[in-house]
Amino acid sequence: MPYPPPSRALPGPRRRTLLASAAGAALLAGCSPASDDPDGGTGGSPSLAERARARAARDSEGLVGRYDAVLAAHPALEGLVAPLRAEAARHVEAFGGGASGASASPSASPSGSGSPSPSASAPVPAVPSDERDALAELAAAERTLADQRAKTLLEMPGELARLLASVAAAGAAHAFLLTEGAK
């Protein structure tokens, strides 16, 4: 009896599977602000949780600034970049930030000179003139911030850890989408 022919599908997860699982994780965990209890109700240090929440908001604001700069330099990328920028603005709100205009429309002028980058309080770097390079830099920023949040959540109490995990998963999905968009 002959064996059936081998499948032509490549091993590993498919793109749709990755996107669906990342989107599902973000939806299940939610990106809403934590309860009024700053330590997530687990008895952790409120000051540690408050500092982590403030830093996460600043990091997301810096990411929104990067998205704004890319949109200003490459308006043709609006279809891909604007929805991801809107999600980053929602993350700012989820962490309790938003005073610096992160929820402004994507067509607003970039906040390049004073916005923090995902890793520090440095200005947003200049946007590459090539669209692919601009998307690759955005993807790298999303990936770096997602990795940083994944490490931070291990030290955080309950609700804040869940929020960081959700936003880190969304950031990883954004990085994937931006990388695919650069191809």
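Each residue, residue 179 and residue 55, gets one label point 7 Å from its Cα in the Cβ direction; the gap between the two is 2.5 nm.
What does the charge add up to near residue 132, with Lys and Arg as +1, Asp and Glu as -1, over the other residues with Cβ less than 15 Å from its Cβ? Walk me through the numbers on the way to the answer.
Working: positive: 183; negative: 130, 131, 133, 137, 180.
Once all neighbours under 15 Å are counted, the net charge is -4.
Count Lys and Arg as plus one, Asp and Glu as minus one, and take only other residues whose Cβ is under 14 Å from that of residue 63; the net charge is then -1.
A short reminder: the numbers here are calculations on the coordinates, not readings from a lab. Quantities reported herein were computed from a predicted structural model and do not represent experimental measurements. For neighbour counting, all protein chains shown are included, and Cβ atoms are generated from backbone atoms with ideal geometry for every residue, glycine included.
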